[in-house]
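J.: My questions all concern the structure below.
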Amino acid sequence: EIGALMGAIVVYVFFSVVDTTGNFVGLTGAARWTDVASTTGIVAVAVALLMIGGEFDLSAGVMIGTSGLFAGLLISEYGLPVWPAIFLTFIFAAGIGFVNGWLVVTTGLPSFIVTLAMFFSLRGINLGATKLLTDTVRVAGIDEGVGYDSAAAVFASEVWAPYGFKIAVVWWIGLTILATWLLTRTKFGNWIYAVGGDKNAARNTGVPVKRTKITLFMFTAMSAALVGVISLMRLRSMQAGQGVGEEFVFIIAAVVGGCLLTGGYGSAIGASIGAAIIGMAFIGIAYAGWNTDWSWLFLGLILFAAVLTNSLISRRFQGGKR
């Protein structure tokens, strides 16, 4: 976390200097970049736990759109009240996560392959099912559903209205605290580190490897569903392509925060700091007046730097010599 925090400070100072609007260092600017960081961080925290457990989920991004579409269709096409639709959406997401985890632990296939297959499957379903039911590739009219106002207050309101801070930031902080508590204070947290470090050794010491991994996949899918619901409540609609490509941003945030690609190492706080760096970069580049396409170059560079740094730390920790 210290390395990630130092990187965040450097990024913050850099964009404070190149800012042309004068807003980046103020509360208005903070509201902007924490908004981006929160929707990234909510899923990045879950992805970090999964990576610590030694697995990846490349379907996390598309699950945002799938969840939003699922809830939106229940509300707009089938007349279900908003809250029951949201509840069923989380159940649906948990089911998708269970399928991912079950396939990984029972087939022995790499999670990269299993979740990539789920990514393409969900992407096709998003487009095909939405067009079949609505004749378009989006759902709308969510604000006409029963219970929308109360749901929007929970998922899409502002907590510091004069400056525009979103309630998603509260969800982000809350999930970071929960994940940190799980990792550092519970038996389940020890299981996560154990299965990521050496699943065979963990199994021999009585750790329920399969159950732990499946639970982590379910948590990741449900975190993506939370972002999907937040987006649905904010926009009052959902596009079939929403969230596609975001899975790599979540992984970058986790890696920047200190998670090793080999598993067994990392933290939720580090992943949240990584998400904060990404949020500052996306908003800072816009405030600097640069072409926002440079954001992706920045992500690539910090990913390379983070992987290189983490590899060096890993070798030093294990006592290896180049």
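The values are calculated or read from the model by the stated rules, or taken from the named source; none is laboratory data. What you see is a predicted model, and the numbers here were worked out from it, not measured in a lab. Using ideal geometry, Cβ is built from the backbone for each residue, glycine included, and neighbour counts are taken over all protein chains shown. Ligands, DNA and RNA are excluded from the accessible area calculation, which covers all protein heavy atoms including side chains. Shrake-Rupley method; radii C 1.70, N 1.55, O 1.52, S 1.80 Å.
J.: Does any residue of the stretch 104-116 turn out to be free of Cβ contacts under 8 Å to residues at least 40 places away in the same chain, surrounded by 14 or more Cβ atoms within 10 Å (Cβ to Cβ) and among the aliphatic types (A, V, I, L, M)?
T.: yes
J.: Which of the following residues is open to solvent by 10 Å² or more (accessible area, probe 1.4 Å) and under 19 Å from Asn100 (Cα atoms): Ile214, Ile269, Ile192, Ile252?
T.: After applying the criteria, what remains is Ile214.
J.: Taking the condition of being touching a residue at least 24 places away in the same chain (Cβ under 8 Å), part of a loop (DSSP other than H, G, I, E, B) and within 20 Å of the chain's Cα centre (by Cα), how many residues in the stretch 152-176 meet it?
T.: Within the stretch 152-176, residues that are touching a residue at least 24 places away in the same chain (Cβ under 8 Å), part of a loop (DSSP other than H, G, I, E, B) and within 20 Å of the chain's Cα centre (by Cα) number 1.
J.: Taking Ala202 as meeting all but one of (1) in contact (Cβ under 8 Å) with a residue 40 or more places away in the chain; (2) crowded, with 16+ Cβ neighbours inside 10 Å, write down the number of the exception.
T.: Unmet for Ala202, out of (1) in contact (Cβ under 8 Å) with a residue 40 or more places away in the chain; (2) crowded, with 16+ Cβ neighbours inside 10 Å: (1).
J.: Scan Arg322, Arg315, Arg236 and give me the residue that is open to solvent by 60 Å² or more (accessible area, probe 1.4 Å) and modelled with pLDDT of 90 or more.
T.: Working: Arg322 fails: modelled with pLDDT of 90 or more; Arg315 fails: modelled with pLDDT of 90 or more.
Of the residues listed, the single one that is open to solvent by 60 Å² or more (accessible area, probe 1.4 Å) and modelled with pLDDT of 90 or more is Arg236.
J.: Next up: Kindly list the number of the only condition in (1) loosely packed, with under 15 Cβ neighbours inside 10 Å; (2) modelled with pLDDT of 95 or more that fails for Gly97.
T.: Result: Gly97 passes all but (1).
J.: When residues of the stretch 204-239 are filtered for being of a type in the set (A, V, I, L, M) and over 11 Å from the mean Cα position of the chain (by Cα), how many remain?
T.: 11
J.: When you look at Thr184, is it polar (S, T, N, Q) and open to solvent by less than 40 Å² (accessible area, probe 1.4 Å), yes or no?
T.: Judged against the criteria, Thr184 is not a match.
J.: Could you count how many residues in the stretch 251-266 are under 19 Å from Trp171 (Cβ atoms) and part of a loop (DSSP other than H, G, I, E, B)?
T.: Counting residues in the stretch 251-266 that are under 19 Å from Trp171 (Cβ atoms) and part of a loop (DSSP other than H, G, I, E, B) gives 1.
J.: Something else now. Can we say Thr130 is in contact with a strand residue (DSSP E or B) (Cβ under 9 Å, 6 or more places away or on another chain), of a type in the set (S, T, N, Q) and either assigned to a helix (DSSP H, G or I) or closer than 19 Å to Ala46 by Cα (or both)? If you could, list the steps in order and put the result at the bottom.
T.: Numbers: in contact with a strand residue (DSSP E or B) (Cβ under 9 Å, 6 or more places away or on another chain): yes; of a type in the set (S, T, N, Q): yes; either assigned to a helix (DSSP H, G or I) or closer than 19 Å to Ala46 by Cα (or both): yes.
Judged against the criteria, Thr130 is a match.
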